[in-house]
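What follows is a set of notes on a single structure, which appears directly below.
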Amino acid sequence: MNREYHLSFCKICKNRKASLKQGLICSLTEKLANFEKDCTSFKADELELEKLKKRFETEIKDNYATTKLESFFSEREFEKPEKSRNKKYFSKEKTHGLEFKKDKNYDKQILIILGIIILILLYGNYKNNFSWDLNSANIIGVLIMLTLSIYFFYKAFYYKYKALITIDKNGIHQKEKTLYWNNILDYGIIRGKGDNSMEKKIIIGTISSGIQKIDISELNVTPEEFIEIIQLNKKTFYNTV
């Protein structure tokens, strides 16, 4: 495992020790962590855990609306979801292997809009007795819209988008970065409002690297579904000292 995975243990372990040369090391071995999955010497520091949780809550309150009154004046609001009532996955094993890509519904919506524009142009051409050849600006517009429609029809029904986020037993993989399940301390949803109403982000407080954001605004997963995945997989063994 990599350094970030090790730090998700070391930063909240009672056996941690600061080193000017190496950073955070184990006081038992005087070395950097070098375990694969679990550290047999790990002892959770509940006070440090509580400090990290409060730091996450403070950063959220400082940067996002967290009450109805604040939400009224804000462009974005933070929501701390409870356990999902409308479960989709039921077990963490069912989430492993999931891939999230750009949602094709956006391409389908554009396709519908283009179709409406074509109908308006054709109706305008008919209503005003314009020429039905390339002398008519309306007909040129129709041809342009038809070309765009073919492109978005292909994207909506045949094009295969690459996976932007994948889920497995270790964590959330996005590009070349992995957010390990045991590194997740707290989480919530950021929703945009007004001009930013399409914005949807999952905000995660991590042990090793502070707040992390996952933008799912254009992906084929809802914020509630993504939170359910986190709730099913998030490690809770830190509760035991």
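If I fit a long axis through the Cα atoms of helix 137-157 and take the longest principal axis of the Cα atoms of the chain, what angle between them do I get, 0 to 90°, rounded to 10?
40 degrees
Kindly flag which residue pairs out of K53/K92; K21/K53; K175/K213 have an alpha-carbon separation exceeding 19 Å in this structure.
Working: K53/K92 24 Å; K21/K53 28 Å; K175/K213 13 Å.
From the list (K53/K92; K21/K53; K175/K213), the Cα-Cα distance tops 19 Å for K53/K92; K21/K53.
What's the FRET efficiency of S197 with F35 using the Cβ-Cβ distance as r and R₀ = 41 Å, to the nearest 0.05?
Working: r = 45 Å, r/R0 = 1.10.
Once the sixth-power term is evaluated, E becomes 0.35.
What is the angle, in °, between the Cα long axis of helix 223-233 and the longest principal axis of the Cα atoms in the chain? Nearest 10 is fine, range 0 to 90.
Here the helix axis deviates by roughly 30 degrees.
Could you put C26, C39 in order, starting from the residue whose Cβ has the fewest other Cβ atoms within 10 Å?
Numbers: C26 22, C39 16.
Final ranking by Cβ density, sparse to dense: C39, C26.
Going by C-beta contacts inside 10 Å, put Y123, Y5 in order with the fewest on the left. Let's see the in-between values first.
Working: Y123 11, Y5 20.
Taking fewest neighbouring Cβ atoms as first place, the list is Y123, Y5.
Given 37 °C and 0.692 mPa s, compute D for the stretch 1-43 with the Stokes-Einstein relation, Rh being the Kirkwood radius over Cα pairs; round to the nearest whole µm²/s. Please report the intermediate quantities before stating the final value.
Working: Rh = 10.2 Å.
In µm²/s, the coefficient is 322.
Full-extension gain between I144 and L69, please, as 0.36 nm times their residue separation minus the C-alpha to C-alpha distance.
Details: separation 75, 0.36 × 75 = 27.00 nm, distance 4.69 nm.
Extra length available between I144 and L69 comes to 22.3 nm.
Can you bin every Cα-Cα distance in the stretch 105-157 into 10 Å intervals starting at zero and give me the percent of pairs per bin, rounded to whole numbers?
28, 45, 22, 5
Would you please report the Å³ per residue occupied by the convex hull of the alpha carbon atoms in the stretch 1-100? Working shown, then result.
Working: hull volume 19.8 nm³, N = 100.
It comes to 198 Å³ per residue, whole-number rounded.
Could you give the spread of the C-alpha atoms of the chain along their three principal axes, from largest to smallest, in whole angstroms?
Over the chain, Cα extents along the principal axes are 88, 41, 40 Å.
Relative to the longest principal Cα axis of the chain, at what angle does helix 105-127 sit, 0 to 90 degrees, rounded to 10?
20 degrees
Can you give the FRET efficiency for E218 and Y123, using 1/(1 + (r/R0)^6), R0 = 25 Å, r = Cβ-Cβ distance, to the nearest 0.05? It would help to have the intermediate numbers written out before the result.
Numbers: r = 32 Å, r/R0 = 1.29.
According to the calculation, E is roughly 0.20.
Once amide H atoms are placed 1.01 Å from N in the peptide plane, what residues at a sequence separation of 5 or more from K43, or on another chain, have their amide H within under 5 Å of its amide H?
For K43, whose amide H was placed from the backbone, the distant partners under 5 Å are K14, N15.
So which trypsin sites (Lys or Arg not before Pro) in the stretch 1-102 are both in a DSSP loop and have at most 10 other Cβ atoms within 10 Å of their Cβ? Spell out each step's value before the answer.
Working: sites: R3, K11, K14, R16, K17, K21, K31, K37, K43, K51, K53, K54, R55, K61, K68, R76, K83, R85, K87, K88, K92, K94, K101, K102; in loops: K11, K14, K21, K37, K43, K83, R85, K87, K88, K101.
Here the trypsin sites (Lys or Arg not before Pro) that fit, given the DSSP loop and packing criteria, are K21, K37, K83, R85.
FYI, it's all coordinate maths here, none of it is from the lab. The shown structure was predicted, so the numbers you read here are calculated from the model rather than taken from an experiment. Please note: Cβ atoms are built from the backbone with ideal geometry, for glycine as well, and neighbour counts cover all protein chains shown.
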